[in-house]
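Peer 1: Before I ask anything, here is the structure I am working with.
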Amino acid sequence: MSLFGKLCAEGRPLLGLWQALANPYTAEICAGAGFDWLLFDGEHAPQTAQTLVAQLQACAPYSLHPIARVPVGEPAFMKQYLDIGFETLLVPMVDTAAQAEALVAATRFPPQGIRGVASATSRASGFGSNTSYLAEARNRTALICQIETRAGLSSITQIAAVEGVEALFIGPADLAASLGHLGQPRHPDVQRAIAQALAAIQGANKPAGIFALDADDARARIAQGFTFVSVGTDIGVLANGAKNLRIACLAG
């Protein structure tokens, strides 16, 4: 079982924070805040392999689990993210079981999959110093499929049943858009869809995650049964903190 799987099996809610500033200084600050996991976003943030490595290095001394969201579920991106040291990948816009099976294959070395081998130059293998890396990589790697479309929702039971899919994660913003409620993740239709998705994931005995809209929503999602919950973003923390500080200085 992967480290992420072991964390989920502890039976406690795992709180995470989204990293979109693509900066090792802010990543290190967030790493010291006590979260269980940080998500390094390669889909919507200006990340490169170099910014991601720097953030991994900045977070290395801290007790948290780094997760990376790849820009798209393509083997080349997934291979690079795994090679630089991420053990858990979140893949956006997973719509079918066949797509999920292909994503699992992209995280596995042959003959189980199609991941290219570069152990001597891979940070994940200690640049070749970890001679057991190739044999152990399969058990160390976790794949999380992100469900955020009507199509993904309709196939969620089949996606959750795919061997090698360790967990599923709900993206309320894109799900709302796909359901015809752009910018309205709290719409009742979206909330019903989220409840439906959670039931399907739990029925498959796999951990369910979600991006919470705020602290109140995070508490509600934990009570609802989600295992790992993102409670905000580094951008939001900075923006809200700066705004609230200014307001506090002008009050009364």
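Any read-out appearing in this document is the output of simple, stated calculations on the displayed coordinates, not a laboratory observation. Remember, predicted model here, so these are calculated numbers, not experimental data. Note: ideal-geometry Cβ built from the backbone for every residue, glycine included; neighbour counts use all protein chains shown.
Peer 1: How far apart, in nm, are the 7 Å Cα→Cβ label points at Gln57 and Glu163?
Peer 2: 4.0 nm
Peer 1: Then there's this: Take the alpha-carbon positions of the stretch 3-250, form their convex hull, and give its projected area averaged over all directions (one quarter of the hull surface) in nm².
Peer 2: 13.7 nm²
Peer 1: Same structure again: Once you have a ≥ b ≥ c as the square roots of the Cα gyration tensor eigenvalues for the stretch 101-146, tell me rounded if a/c is under 1.5, and otherwise prolate or oblate according to whether a/b is larger than b/c.
Peer 2: Working: a/c = 2.19, a/b = 1.82, b/c = 1.21.
Here the stretch 101-146 falls in the prolate category.
Peer 1: Starting from 0.36 nm per residue, how many nanometres of slack lie between Ala248 and Ile114 once their C-alpha separation is accounted for? Can you show the working numbers first?
Peer 2: Working: separation 134, 0.36 × 134 = 48.24 nm, distance 5.49 nm.
Gain on stretching Ala248 to Ile114: 42.8 nm.
Peer 1: Pulled fully out, how much extra length does the chain show between Ala223 and Glu74, if you take 0.36 nm times their separation in residues and subtract their Cα-Cα distance? Walk me through the intermediate numbers first.
Peer 2: Details: separation 149, 0.36 × 149 = 53.64 nm, distance 3.44 nm.
That works out to 50.2 nm of additional length.
Peer 1: Excluding Ala200 itself, what net charge comes from residues whose Cβ is under 15 Å from its Cβ, given Lys and Arg +1 and Asp and Glu -1?
Peer 2: Once positives and negatives cancel, what remains is +1.
Peer 1: Here's a follow-up. What's the extension gain from Thr121 to Met1 if we count 0.36 nm per residue and subtract their Cα-Cα distance? Please report the intermediate quantities before stating the final value.
Peer 2: Values: separation 120, 0.36 × 120 = 43.20 nm, distance 2.51 nm.
Computed gain between Thr121 and Met1 is 40.7 nm.
Peer 1: Next up: Would you be so kind as to identify all helices of the chain, as entire DSSP H runs, whose Cα atoms reach 18 Å or more along the helix's own axis and whose mean Kyte-Doolittle hydropathy is at least 0.5?
Peer 2: The qualifying helices are 234-250.
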